[in-house]
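One structure below.
The values are calculated or read from the model by the stated rules, or taken from the named source; none is laboratory data. The structure displayed is predicted, hence computed values, not measured ones. Note: ideal-geometry Cβ built from the backbone for every residue, glycine included; neighbour counts use all protein chains shown.
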Amino acid sequence: MAENEYQRREAEEIGCDGLLGGIARNLYSHREIHASIATKADGPFYCPTCHSDALIHKCIEKQDHFAHIARLSPTIGPKESALHYQCKTELCSLLRKAHPGGNWDIERPIKENKEKKIPELRPDVSGRINGIPIAIEVQASALSITNIFKRTSGYAKRGIAILWLVPLYKPLGDQPFRPRLYERYFHSLYFGRTYYWWADQGLVLKPVHYDIATRHIEYKEWYENGALMTGGDYEANYRIIKNPLYGPDAKIDTNFIREPRPQFTPINERKTVPASIIWHDTHSSWWKK
Ligand SMILES: [Zn+2]
């Protein structure tokens, strides 16, 4: 992949292209500096567009560049496949107990339908609640957005409601963090909330709204080519870093309903989410007071 293409994809993943030009600012002086001349000692840096912290990267294979740094949610990676499996089996056994007639299973294949252009599907957990077919996808492997959309659309064409959830190896906590690209799309798909699961929650999910997070930018004056420059003294909204705002706990079988959604493109995103049938919670929007 060409370096520019790689950087463009990285910017989409992060949700900000403010560092693509190779310029960041010093956190205290607000002076801009180019990656080709910046050293670690010139920092700390931040991105002039989204106000997140940035680091200077100097490596042989790549052009010198700045990169965003922020806390991410503690998702389950390839190393924690046991926990991924535990999540699926736990959900499945609890759903079997609560809805014994629901034919619950893990990784049950649904055959491809070439005529209707439906790919083969293999939901992590699937079954029925009060006769409604439901698929639960536990997003642990880093599925691409394209793949997530293919599955979402495939389930809709089969009349199956989809619940995407994000399993974590520890609680998300209350500190601001930067949702990944797929977390942002889930957030849009489920009307402003992403569903997180961690151990000991059983069928209870934590619906999290991504609320605005801000950072204070200090006031500074400096001279540049003889002219007085000023900067800072304002509260800046982070663009890609959010405060997790928890809604009431949501139990998969009792607090959720089925709802068809036409295709749409989320604000600030590039890709269109296909028509879907979502399995979403019924709590009113707790972030709107
Ligand atoms: Zn940025």
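Summary table below
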| quantity | calculated |
| --- | --- |
| Residue match in the range 69-82 (condition: near the ligand (Cβ under 10 Å from one of its atoms), under 16 Å from residue 24 (Cβ atoms), part of a loop (DSSP other than H, G, I, E, B) and in contact with a Ser or Thr (Cβ under 8 Å, 6 or more places away or on another chain)) | yes |
| Matching residues, the range 234-287, being over 18 Å from residue 209 (Cα atoms) and of a type in the set (Phe, Trp, Tyr) | 234, 264 |
| Residue count, the range 86-116 (criterion: free of Cβ contacts under 8 Å to residues at least 12 places away in the same chain and part of a loop (DSSP other than H, G, I, E, B)) | 4 |
| Selection within the range 136-172 - part of a helix (DSSP H, G or I), β-branched (Val, Ile, Thr) and in contact with a Ser or Thr (Cβ under 7 Å, 6 or more places away or on another chain) | 152 |
| When residues of the range 15-33 are limited to those that are among the small types (Gly, Ala, Ser) and touching a Lys or Arg at 6+ places or on another chain (Cβ under 7 Å), the one modelled with the highest pLDDT | 15 |
| Failed item in (1) over 30 Å from residue 186 (Cβ atoms); (2) touching a residue at least 12 places away in the same chain (Cβ under 8 Å); (3) not in a strand (DSSP E or B), with residue 49 passing the rest | (1) |
| Long-range neighbours under 6 Å by Cβ, at least six apart or interchain, first residue more than 18 Å from residue 175 (Cα to Cα) within the range 241-252, second hydrophobic (A, V, I, L, M, F, W, C) and surrounded by 17 or more Cβ atoms within 10 Å (Cβ to Cβ) | 250/205; 251/203; 252/203 |
| Contacts under 8 angstrom Cβ, first residue in the range 1-29 being at positive phi and in contact (Cβ under 8 Å) with a residue 24 or more places away in the chain, partner within 11 Å of the ligand (Cβ to nearest atom) and aliphatic (A, V, I, L, M), 6 or more apart | 15/240 |
| The range 56-68 - residue that is among the aliphatic types (A, V, I, L, M) and surrounded by 15 or more Cβ atoms within 10 Å (Cβ to Cβ) and, of those, nearest to the ligand (Cβ to nearest atom) | 67 |
